[in-house]
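This report concerns only the one structure given below.
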Amino acid sequence: MASRIKKGDLVYVASGEDKGVTGRVLAVLPKEGRAIVEKVNMISKHRRTRGRGQVGGIITQEAPIHISKLMLVDPKTSLPTRIRWEVRPDGTKARVSKKSGATI
């Protein structure tokens, strides 16, 4: 089944600690049902120095967030929206916003 969220989409976080934040999807993990979103679900990670050029310390990076907490942002209104799948006359499927009818 095709996922409703793809890499590069603009999404809105609908629930959780980062509720209300929008960001771009950096990666989608379909087997786990999660996505990595820019500046959302930030974690601190302790990194050891491994070589001459690499520095160690505490770094912050994005952790995966469940796809059910994300909503696509409508390109026309810039508001979160649900989507529906539409089959085009040439046989391709497209994601369409339920609020405005714009293709995402």
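We did not get these values from a lab; they are worked out from the coordinates using the rules stated. Everything numeric here is computed off the predicted structure, so don't read it as measured data. Glycine gets a Cβ as well: all are built from the backbone with ideal geometry, and neighbour counts include every protein chain shown.
Here are some notes:
- Sequence of VAL37, VAL21, VAL11, VAL55 once ranked by neighbouring C-beta atoms within 10 Å, starting from the fewest: VAL55, VAL21, VAL11, VAL37
- The distance between label points at SER15 and LYS31 comes to 2.7 nm (points 7 Å beyond Cα on the Cα→Cβ vector).
- Here the Karplus curve 6.51 cos²θ - 1.76 cosθ + 1.60, taken at θ = phi - 60°, turns the phi angles of region 58-74 into couplings of 9, 10, 10, 8, 6, 10, x, 10, 5, 5, 5, 8, 10, 10, 5, 9, 5 Hz, with x standing for Gly and Pro.
- Total lysine pairs in region 10-73 at Cα distances under 18 Å, for residues eight or more apart or on different chains: 4.
- Taking ILE58, ILE36, ILE67 as the candidate residues, the one with maximal mean-square fluctuation in a Gaussian network model of the chain, Cα springs under 10 Å, is ILE58.
- Using 0.36 nm per residue and subtracting the Cα-Cα separation, the extra length available between ILE43 and VAL55 on full extension is 2.5 nm.
- Partner lysines for LYS93 [C-alpha distance under 19 Å; skip if fewer than 8 residues away on the same chain]: LYS6, LYS7
- Rounded to the nearest 20, the size of the Cβ-charge dipole of the chain about its Cα centre is 240 debye, with Lys and Arg at +1 and Asp and Glu at -1.
- Note on SER78 and ALA102: the model spin-label points, each 7 Å out from Cα along the C-beta direction, lie 1.0 nm apart.
- Along the chain, longest interval not containing exposed GluC sites (Glu not before Pro), exposed being DSSP loop plus at most 11 other Cβ atoms within 10 Å: 33-104
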